[in-house]
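The values are calculated or read from the model by the stated rules, or taken from the named source; none is laboratory data. Predicted, not measured: the structure shown is a model, and the values here were computed from it. A quick note on method: Cβ atoms are made from the backbone with ideal geometry, for glycine too, and the neighbour counts reach across all protein chains shown. Calculation scope for accessible area: heavy atoms of the full protein, side chains included, ligands and nucleic acids excluded. Shrake-Rupley method; radii C 1.70, N 1.55, O 1.52, S 1.80 Å.
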Amino acid sequence: MGAPSTLAASCLAVLATLVASMAAGAGGDALADDGPAGAFTKRLYFYSGVDVARDNVYGWAGAAWSPRGLMDQEGLRVRLQGGGGQYKYRTDAVPGGWNTVSKTEGELLLGWQFLNGRQALAIYGGVNVTENLLDQPDPYNRDQGTAVGAKAVAEWYYRYDDDWTFTAALGGSTADETAFLRATAGRHVTSWFDLGAEAGASTDWLSQDARAGLFIATPLPGRQWRAAGGWRWSSDSDDGAYATLSLYSPF
């Protein structure tokens, strides 16, 4: 495990150095005009959340930054995210037929946002580091220990009119051989909440799962709370309900 951890640290250090170099070059004019906060005002947003299902729980937090322009403009994006949680899976390799895994991960991605009318498309690529610690030894589980890989993500946003908004996201990582797809459709009901539907699917070497549900979001100034719930189907666990609570906050 020592070698992968050293490689992960080296990869993240290289990318962090590149990000710092871009920050120094991109923030010059903003700093001259607006002081130290100029390089981040309307260029940075934070997000976090937690997802709970029958046999797993996962939490995450991250930030995205636009070093060369405002967040609602085309241009370069830098995103840093971390997360962790636990999940259970079926296996004949342990007593009782179930094993528990504690998972932590982090990623550093560089990307570009494209704009076309009411649509926005952001494409990211970078490094993903994962660590999976098994509660009981399982020689057949490939997803254990520390792994470093490449990650790519594409995110689409479409403001159809003043009431309807559609989103989609597609991504994958070679670190844990995962891929995912998510989509939402939301309607602006009142000045203080949106209501919509969501669906998603994911896959890795071990299992596949899908989910469908409803969400409610509060588009408050400076932050947006979002609560979702529905049903999750899994190939290696029992089907059951899921719930998600997340926060989006621009700086």
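Scanning region 49-71 for residues that are open to solvent by 40 Å² or more (accessible area, probe 1.4 Å) and in contact (Cβ under 8 Å) with a residue 40 or more places away in the chain yields a count of 5. When region 116-149 is limited to residues that are hydrophobic (A, V, I, L, M, F, W, C) and touching a Gly at 6+ places or on another chain (Cβ under 7 Å), the one that is most open to solvent (accessible area, probe 1.4 Å) turns out to be 123. Where strands (runs of 3 or more DSSP E) fall wholly inside region 205-251, the ranges with 3 or more residues that are of a type in the set (D, E, K, R) and either touching a residue at least 24 places away in the same chain (Cβ under 8 Å) or closer than 20 Å to residue 45 by Cα (or both) are 223-234. Among the residues of region 98-110, those that are within 21 Å of the chain's Cα centre (by Cα) and open to solvent by 40 Å² or more (accessible area, probe 1.4 Å) comprise 102, 104, 105, 110. Once region 88-97 is narrowed to residues that are open to solvent by 50 Å² or more (accessible area, probe 1.4 Å) and without any contact (Cβ under 8 Å) to a residue 60 or more places away in the chain, the residue that is nearest to residue 203 (Cα to Cα) is 92. Against the numbered list (1) of a type in the set (Asp, Glu); (2) within 25 Å of residue 139 (Cβ to Cβ); (3) at pLDDT 95 or above, residue 92 comes up short only at (3).
Scanning region 202-226 for residues that are among the aliphatic types (A, V, I, L, M), under 16 Å from residue 167 (Cα atoms) and in contact with a Phe, Trp or Tyr (Cβ under 7 Å, 6 or more places away or on another chain) yields 212, 216, 217.
Considering only residues that are closer than 23 Å to residue 140 by Cα and open to solvent by 40 Å² or more (accessible area, probe 1.4 Å), look in region 164-177 and name the one that is modelled with the highest pLDDT.
Only one residue fits best here, namely 174.
For region 204-251, a residue qualifies if it is charged (D, E, K, R), open to solvent by 60 Å² or more (accessible area, probe 1.4 Å) and under 25 Å from residue 90 (Cα atoms), and exactly one does: 239. Assess whether residue 193 counts as being open to solvent by 70 Å² or more (accessible area, probe 1.4 Å) and either among the acidic types (Asp, Glu) or more than 18 Å from the chain's Cα centre (by Cα) (or both). Here the answer is no, as residue 193 does not meet what is asked. With respect to the conditions (1) without any contact (Cβ under 8 Å) to a residue 24 or more places away in the chain; (2) over 16 Å from the mean Cα position of the chain (by Cα), residue 145 falls short on a single one, namely (1).
This table checks each residue for (1) in contact with a strand residue (DSSP E or B) (Cβ under 7 Å, 6 or more places away or on another chain); (2) of a type in the set (A, V, I, L, M, F, W, C); (3) modelled with pLDDT of 50 or more.
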{"position": "18", "(1), (2), (3)": "no, yes, no"}
{"position": "44", "(1), (2), (3)": "yes, yes, yes"}
{"position": "54", "(1), (2), (3)": "yes, no, yes"}
{"position": "67", "(1), (2), (3)": "yes, no, yes"}
{"position": "77", "(1), (2), (3)": "yes, no, yes"}
{"position": "88", "(1), (2), (3)": "yes, no, yes"}
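How many residues, within region 67-76, are touching a Phe, Trp or Tyr at 6+ places or on another chain (Cβ under 9 Å) and either closer than 15 Å to residue 151 by Cα or of a type in the set (Gly, Ala, Ser) (or both)? Walk me through it before giving the result.
The initial filter retains those residues of region 67-76 that are touching a Phe, Trp or Tyr at 6+ places or on another chain (Cβ under 9 Å), namely 71, 74-76.
Remaining after also requiring either closer than 15 Å to residue 151 by Cα or of a type in the set (Gly, Ala, Ser) (or both): 75.
The qualifying residues number 1.
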